[in-house]
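These notes concern the structure reproduced below.
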Amino acid sequence: MISATHTFPRGFKWGSATAAHQVEGHAQNSDWAQWETLPGKIKENGSAAVACDWWGGRWREDFDRAAADGQTTHRLSVDWSRIEPRPAVWDDEALDHYRQMVSGLRERGIEPMVTLHHFTNPLWLVEKGGWENPAVVSHFERFARKVVSVLGDHVDWWCTINEMNVYAYNSYAEGIWPPGKKDIRLCFTAIRHMLMAHAAAYRAIHELQPHARVGVAPNILLFDPARPDFALDARVASFQARSFYEAIPQALHTGKLLFPVGGWRERLPGVAGTMDFFGVNYYGRRLTAFDLNHPGTLFGRTFHSAEAEVDNMGLNELYPEGLFRVIKWAAGFGKPIAITENGWGDNDEGRRTRAMLGHVRQLWRAVNFNLPVQAYFYWSLVDNFEWERGWTQRFGLYELDLETQARTPRAAAKLYAEICKSNTLTAEMAARYAPEVVPAMFPG
Ligand code: BGC
């Protein structure tokens with residue numbers, strides 16, 4: 001019996017992604033470290049506290065596991081509040097800590113991608129108005145220069161800002177993240193400053209490191225019309241997509257920022273042409289129905305269809321085809337693509353492995369359509385602090401026991417190691433890890 005084999009191109013990069021605050025623990029100087037102490041902000045009163053204890057040195061054992069599992073790249077972030085605890089005052093110990101981490105990755109044959117901003121801010125920046133104040137642009141540029149001058153021997157792949165859309169929305173529109181504001185105009189102001197800060201950092205990084213590859217990683221949440229034949233659903237869904245994520249790569253491509261909502265149109269000087277690669281964070285999709293009762297979401301009510309398979313928290317729909325669609329759309333910007341995050345947070349291990357099989361299959365489809373996707377970072381290597389959801393949603397390949405810090409591989413870790421090591425996905429793997437998907441995935 002022939003077993004189908006989906007082969008990836010030689011040199012395709014397989015890895016995982018993490019973010020400083022979610023794994024390091026022992027943070028004191030950032031807005032998130034403070035926010036977690038406020039009652040009611042985090043589910044079940046969780047806090048990053050010790051997290052995965054990377055600041056205590058446990059990154060070593062996690063990187064050992066990643067290497068043993070055949071991963072060849074890892075996306076991690078640095079915490080601005082550690083590196084620059086006061087304006088223009090640099091903490092050499094913190095910088096050295098990160099230097100050890102990125103050289104530790106290289107020693108294990110793992111190429112680092114470093115994200116400069118992944119949701120957390122130094123308290124001094126917050127006191128100056130954070131991302132509402134245009135001064136953040138030059139502060140961020142100064143920070144980027146410092147990090148690149150210290151880590152640049154080991155790193156030339158940089159993601160400036162993670163998910164500026166999710167950050168701005170949760171922090172300034174929904175108000176569920178610090179600074180907890182609810183004003184859609186501030187949400188756009190923050191994105192505007194993030195785009196400008198990205199562009200300033202882009203130029204600074206290239207000045208120091210001409211060969212650097214610099215990009216961003218917006219969250220691409222698909223919005224599909226709930227009733228495809230009803231024009232208003234399609235219109236509102238497209239409005240949501242343009243406002244939530246399309247505006248970001250468009251601005252980096254053309255220099256023009258267009259938010260359909262509020263009719264925001266602006267030329268941002270120096271922003272055009274500041275994307276060397278397109279980082280895509282993809283977790284699923286929502287359906288949108290036109291509904292006058294929902295002005296806050298542009299008159300679109302978003303939900304999951306009754307047939308959708310969702311995680312146990314009801315947050316994300318398992319919709320692997322969406323990954324293919326998103327890659328195809330992202331390719332329109334003419335840059336190499338990295339899937340900077342994709343993963344599945346659930347307490348159902350069957351669904352976690354099914355999600356991995358489905359997404360990797362769509363990734364292979366994209367590669368075979370010659371779409372320029374070069375790397376895939378699974379979110380995440382080990383269970384970590386999941387922001388307002390605390391420890392209630394687990395994304396790790398490895399399960400973390402918070403009491404003992406013990407790591408246990410999940411079935412998905414074993415499957416992922418087989419994929420990474422062989423650079424393939426096979427029908428035989430699917431049959432071993434999730435036999436129920438075989439008839440649909442590999443008919444015949
Ligand atoms: C973020 C991560 C987060 C993940 C899973 C992404 O939006 O970049 O920090 O843990 O989704 O929810």
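In this structure, is Phe188 surrounded by fewer than 22 Cβ atoms within 10 Å (Cβ to Cβ), farther than 21 Å from Ser77 by Cα and touching a strand residue (DSSP E or B) at 6+ places or on another chain (Cβ under 9 Å)? Let's see the steps before the verdict.
Numbers: surrounded by fewer than 22 Cβ atoms within 10 Å (Cβ to Cβ): yes; farther than 21 Å from Ser77 by Cα: yes; touching a strand residue (DSSP E or B) at 6+ places or on another chain (Cβ under 9 Å): yes.
Taking the combined requirement at face value, the residue satisfies it.
Scan the range 377-399 and tell me whether some residue there is within 16 Å of the ligand (Cβ to nearest atom), of a type outside the set (Lys, Arg) and over 25 Å from Leu221 (Cβ atoms). Outline the logic, then answer.
The first filter runs over the range 377-399 and keeps only residues within 16 Å of the ligand (Cβ to nearest atom), leaving 377-399.
Checking the rest, the ones that are also of a type outside the set (Lys, Arg) come to 377-388, 390-393, 395-399.
Narrowing further to those that are over 25 Å from Leu221 (Cβ atoms): 398-399.
Yes, the range 377-399 contains at least one residue that is within 16 Å of the ligand (Cβ to nearest atom), of a type outside the set (Lys, Arg) and over 25 Å from Leu221 (Cβ atoms).
Any chance the range 346-361 includes a residue that's buried (at least 19 other Cβ atoms within 10 Å of the Cβ), farther than 30 Å from Trp54 by Cα, of a type in the set (D, E, K, R) and away from the ligand (no atom under 11 Å from the Cβ)?
Yes, the range 346-361 contains at least one residue that is buried (at least 19 other Cβ atoms within 10 Å of the Cβ), farther than 30 Å from Trp54 by Cα, of a type in the set (D, E, K, R) and away from the ligand (no atom under 11 Å from the Cβ).
From Arg365, Arg351, which residue is outside any strand (DSSP E or B) and closer than 30 Å to Ile176 by Cα? Quick ask: steps written out before the conclusion?
Details: Arg365 fails: closer than 30 Å to Ile176 by Cα.
Just one listed residue meets the conditions, Arg351.
Results for (1) touching a Leu at 6+ places or on another chain (Cβ under 9 Å); (2) among the hydrophobic types (A, V, I, L, M, F, W, C); (3) more than 17 Å from Met275 (Cβ to Cβ), shown as yes or no for each residue.
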site	(1), (2), (3)
Gln209	no, no, no
Pro218	no, no, no
Leu221	no, yes, yes
Ala231	no, yes, yes
Ser243	yes, no, yes
Ile248	yes, yes, no
Leu257	yes, yes, no
Arg265	yes, no, yes
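Mind listing whichever residues of the range 371-393 are in contact with a helix residue (DSSP H, G or I) (Cβ under 9 Å, 6 or more places away or on another chain) and in a loop (DSSP other than H, G, I, E, B)?
Result: Leu371, Pro372, Ser380, Leu381, Asn384, Phe385, Glu386, Gly390, Trp391, Thr392, Gln393.
Could you check, for the range 213-225, whether at least one of its residues is at pLDDT 95 or above and assigned to a helix (DSSP H, G or I)?
At the first step, the residues of the range 213-225 found to be at pLDDT 95 or above are 213-225.
Next cut, assigned to a helix (DSSP H, G or I) only: none.
So far as the range 213-225 goes, no, none of its residues is at pLDDT 95 or above and assigned to a helix (DSSP H, G or I).
Here is a list of conditions, (1) surrounded by 22 or more Cβ atoms within 10 Å (Cβ to Cβ); (2) assigned to a loop (DSSP other than H, G, I, E, B), and Glu403 meets all of them except one; can you say which number that is?
Glu403 satisfies every listed condition except (1).
Out of the residues in the range 250-273 that are surrounded by fewer than 22 Cβ atoms within 10 Å (Cβ to Cβ), assigned to a helix (DSSP H, G or I) and at pLDDT 95 or above, state the one that is farthest from the ligand (Cβ to nearest atom).
Step one: of the range 250-273, the residues surrounded by fewer than 22 Cβ atoms within 10 Å (Cβ to Cβ) are 250, 253-270, 272-273.
If we keep only those that are assigned to a helix (DSSP H, G or I) too, we end up with 250, 253-254, 261-263.
From what is left, the residues that are at pLDDT 95 or above are 250, 253-254.
On the way: Gln250: 20, His253: 22, Thr254: 25 Å.
Result: Thr254.
For the range 322-345, which residues satisfy the criterion of being more than 16 Å from the ligand (Cβ to nearest atom) and in contact with a helix residue (DSSP H, G or I) (Cβ under 6 Å, 6 or more places away or on another chain)?
First, the residues of the range 322-345 that are more than 16 Å from the ligand (Cβ to nearest atom): 324-325, 327-337.
Listed by number, the residues that qualify are Phe324, Ile327, Phe333, Ile337.
Please count how many residues of the range 391-432 are basic (Lys, Arg) and farther than 21 Å from Glu61 by Cα. Reasoning before the result, please.
In the first step, residues of the range 391-432 are kept if they are basic (Lys, Arg); the result is 394, 407, 410, 414, 421, 432.
When the remaining residues are screened for being farther than 21 Å from Glu61 by Cα, the result is 432.
Summing the residues that are basic (Lys, Arg) and farther than 21 Å from Glu61 by Cα in the range 391-432 gives 1.
Collect the residues in the range 167-177 that are within 14 Å of the ligand (Cβ to nearest atom) and crowded, with 19+ Cβ neighbours inside 10 Å, keeping them in residue-number order.
So in the range 167-177, the residues within 14 Å of the ligand (Cβ to nearest atom) come out as 167-171, 174, 176-177.
Scanning the range 167-177 gives Tyr167, Ala168, Tyr169, Asn170, Ser171, Trp177.
Output the residues belonging to the range 199-226 that are farther than 24 Å from Gly300 by Cβ and within 16 Å of the ligand (Cβ to nearest atom).
First, the residues of the range 199-226 that are farther than 24 Å from Gly300 by Cβ: 199-217.
Hits for the range 199-226 are Gly215, Val216, Ala217.
Phe244 versus (1) in contact with a Lys or Arg (Cβ under 7 Å, 6 or more places away or on another chain); (2) crowded, with 20+ Cβ neighbours inside 10 Å; (3) under 30 Å from His74 (Cα atoms): which is the lone unmet condition?
(1)
Quick test of your reading of the structure: Ala234 fulfils all but one of (1) crowded, with 17+ Cβ neighbours inside 10 Å; (2) away from the ligand (no atom under 16 Å from the Cβ); (3) within 30 Å of Asp153 (Cα to Cα); (4) not hydroxyl-bearing (Ser, Thr, Tyr). Name the failing condition by number.
Looking at each condition in turn, Ala234 falls short on (3).
The values are calculated or read from the model by the stated rules, or taken from the named source; none is laboratory data. These figures come from a predicted structure and were not determined experimentally. Please note: Cβ atoms are built from the backbone with ideal geometry, for glycine as well, and neighbour counts cover all protein chains shown.
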